[in-house]
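Just below is one structure, and these are the notes that go with it.
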Amino acid sequence: MPFQKEQHLRVRLLSLILAVALLICGVRMLSLQVIHANQYISQGSGITARTSVLKAPRGEILDCYGREIAVNRDGYNIVFNSAYLDWDHLNDLILTLCDYLSAENVAWVDELPLSKTAPYGFTDEDPAAFLKNIGLAHYATAENAFTKLTALYHIDGLSSERARLVMGVRYSMSKAAFSLANPYTFAEDVPAGIMQKISENSFCLPGVTVETAPFRSYVDSTLAPHLIGTVGPIYAEEWNGDPENGVVGLKEKGYHYNDKVGKSGIEAYCEDLLHGTDGEITYYLNADGMIISSEITKQPIPGKTVMLTLDKRIQQTVQNTLLKTIDQLNENGGRCTGGAAVVMNVKTGQIFASANAPTYDRETYQKQYETLLSNPNNPLINRAFQGIYPIGSTIKPAVAIAALDAGSLTADERITCQHTYTLFNDYRPSCMGTHGPIDLKLALAASCNYYFFEVGRRVGATTMGRYFNQFGLGVKTGVEIGDSAGLFVKTDEGTGDTLQIAIGQKNAFTPLQMAVYTSTLANGGTRYRATLIDKVVSYDLKETYQKNGKEVLNTITISDYALKSVKEGMLSVTEDGTGSRVLGDYPIKVGGKTGTSQVNYGNGVDNSVFIAFAPFDDPEIAIAVILEHGNNGFAAGTIVRNALDAYFFSDETSVNTTPSYTVLG
């Protein structure tokens, strides 16, 4: 019996060993025949695998309600695939494609730094790098380069014009590191007609395919171009970076030479978010180098979607009104050269709208770039964030708060306006009127310069400057795409400059800073970082990666007495003061201040300035407008009113009853 038990044990052990062996063989066969079948078949039959890029869509840009601003659309690229090209007849193929596109006036990629027509000179001011790339000394001539390229690309029997076409494409292919793993884009976003023609003639164009690719599209190409920005090709310095100074190039970040990147605005600031992760497609080639199959081995990951704080409807209204107002001014004999307007959330620092005039159209930006650049009115400048202006009488609320809290003034104290301020012998500025004895409320409503000459003298330039900075004037706002800090003048106390500073001269600030100042005053002294970005979400909008909260930059301690006194004066401005002609009948109470700032440049006409906040009792928005050489506050006030309408009323319930143009004092 012991022997039988031992025999059974041996049988069981052998059975277990056999089962394990069979399991191992099964797993190995599964690996050979299924999981790694392509790999081993390839090794056994001379088949090789190569991977190529599968482009990821760029993330989109939406407004605060999810309405589209910058999105993607499908377009057609003409692409060279190395595996299928007939290299012996590549030059003939290039000329055929050039003829197709020339007939339809469609451009193709040509980065050769030689002029496209004879005589073929350098188009690069410093061609040394180009000459080095093609194996020539730095002193070689353009003619030497042309000859070298003719030989390098085996261009025989062609006219110089036709040879220039070929070498332009061949050089661009080489610069883009064309290979099987890196297909070359010959032309981008070609019309459907070209796509169809190439598809129909594919039999005589080996290696040429028309591929669908995502392209940047702007739902309204004129909407906030200075904020949204543009995309464009990668420049050499971006591609290579500056390793010596720690600047990583886009090549090292995994970009491809033909990628498009953000060049300005949100497109540039959010590049790392908007740029997706490319996928891969694997091609299997036989021993003759022909593709026999392909599969997507890595799915592309789209870029993230950026939701802005902008409200498209408010933005469009402010833009249109700004442009229309300037046109009307000039039609009536005015000489307004431009302007800007900003609408901001008083309680968060979020920017609802920011408009500039003159402006440009992203759709034609590239073609008209040189014209835009040479325009004397500088349409490419973001005036709202970068333009600096003396802001005139709109500074007076801040001066009044500084005086009240410093004990230099009481709200009911009357200062007698005698028109000309005569305290200094060497500087005697004048008021626009002779107002007699007036208190703070009336001084703000009537915008009495004499009153604020005296208040400014009492407070002093140093104290005024400290308050200005705390209100956000003369300091950067923190907005994502960058802004100017403005011009902040330091002066000796008790001089004529002090008087000028008190009425908004000498210093110069941006319209965005004016909006931040107005917001800070309206909410009682909290200065928030200005922001354009609300949140970052997934491409399909289902997942939120980042939600921007409000960020406090500083808090001003303003007494209730000072705040109440100044706000009441600003309400009087719109109800029965200098702003009443444009806002006196408005159904919502609005605090505001008009301004006319003197300028010593351009055509000599004063700037028109207006700040406002509403509703008066519980402020939600602040608005700042400036018109270059707009002459008076009323012109800017019409833009304020339309911005209020856009925020508080729908198109159907708008109460925009802006009166006809009337000059304010």
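The values are calculated or read from the model by the stated rules, or taken from the named source; none is laboratory data. Owing to the predicted nature of the structure, the values given are computational and were not obtained by experimental measurement. Note: ideal-geometry Cβ built from the backbone for every residue, glycine included; neighbour counts use all protein chains shown. Accessible surface is based on the protein model in full, side chains and every heavy atom, while ligands, DNA and RNA are left aside. Shrake-Rupley method; radii C 1.70, N 1.55, O 1.52, S 1.80 Å.
Filter the chymotrypsin sites (Phe, Trp or Tyr not before Pro) in the stretch 230-275 down to the DSSP loop ones having no more than 12 other Cβ atoms within 10 Å, then list what survives.
235
The modelled label-to-label distance between residue 92 and residue 107, using points 7 Å beyond Cα along the C-beta direction, is 3.1 nm. If you take all other residues with their beta carbon under 14 Å from the beta carbon of residue 191, and give Lys and Arg +1 and Asp and Glu -1, the sum is -2.
Sparse packing (at most 14 other Cβ atoms within 10 Å of the Cβ) combined with a DSSP loop state is found for the following GluC sites (Glu not before Pro) in the stretch 497-571: 543, 551. Shown for the chain are the DSSP H helices of 30 Å or more along their axis, judged by Cα atoms, with a mean Kyte-Doolittle hydropathy of at least 0.5: 2-30.
Taking label points 7 Å from Cα along the Cα-to-Cβ direction, residue 564 and residue 196 give a separation of 7.6 nm. Counted by Cβ distance under 11 Å from residue 516, the other residues give a net charge of +2, where Lys and Arg count +1 and Asp and Glu count -1. Taking amide H atoms as placed 1.01 Å from N in the peptide plane, the amide H of residue 534 lies under 5 Å from those of 307, 308, 309, each 5 or more residues away in sequence or on another chain.
Put simply, the amide H of residue 59, placed in the peptide plane, has neighbours under 5 Å in 275, 276, 303, 304, leaving out anything fewer than 5 places away on its chain. Taking each DSSP H run with n ≥ 4 as -39500 (n - 2.57) and averaging over every residue of the chain yields -10500 deg cm²/dmol at 222 nm. Hey, of (i) 76, 65, 45; (ii) 89, 66, 50; (iii) 117, 96, 53, which did the structure itself give for Cα extents along the principal axes in Å when calculated? Evaluating Cα extents along the principal axes in Å on these atoms matches (iii). Here the Karplus relation 6.51 cos²θ - 1.76 cosθ + 1.60, evaluated at θ = phi - 60°, turns the backbone of the stretch 279-284 into coupling constants of x, 9, 10, 9, 9, 10 Hz, with x for every Gly and Pro.
Using the structure shown, select from 396/593; 148/175; 396/567; 324/476; 263/324; 263/298 the pairs with a Cα to Cα distance greater than 19 angstrom. The answer is 324/476; 263/324; 263/298. Summing Lys and Arg as +1 and Asp and Glu as -1 over all other residues whose Cβ lies under 12 Å from the Cβ of residue 583 gives a net charge of 0.
Of the peptides 453-463, 325-335, how do they stack up when ordered by the mean number of other Cβ atoms within 10 Å, highest first?
Highest mean packing first, the order is 453-463, 325-335.
Less than 5 angstrom separates the built amide H of residue 554 from those of 527, all sequence-distant by 5 or more or on a different chain. Apolar share of the accessible surface for the stretch 578-638: 40 percent from carbon plus sulfur atoms, 1.4 Å probe.
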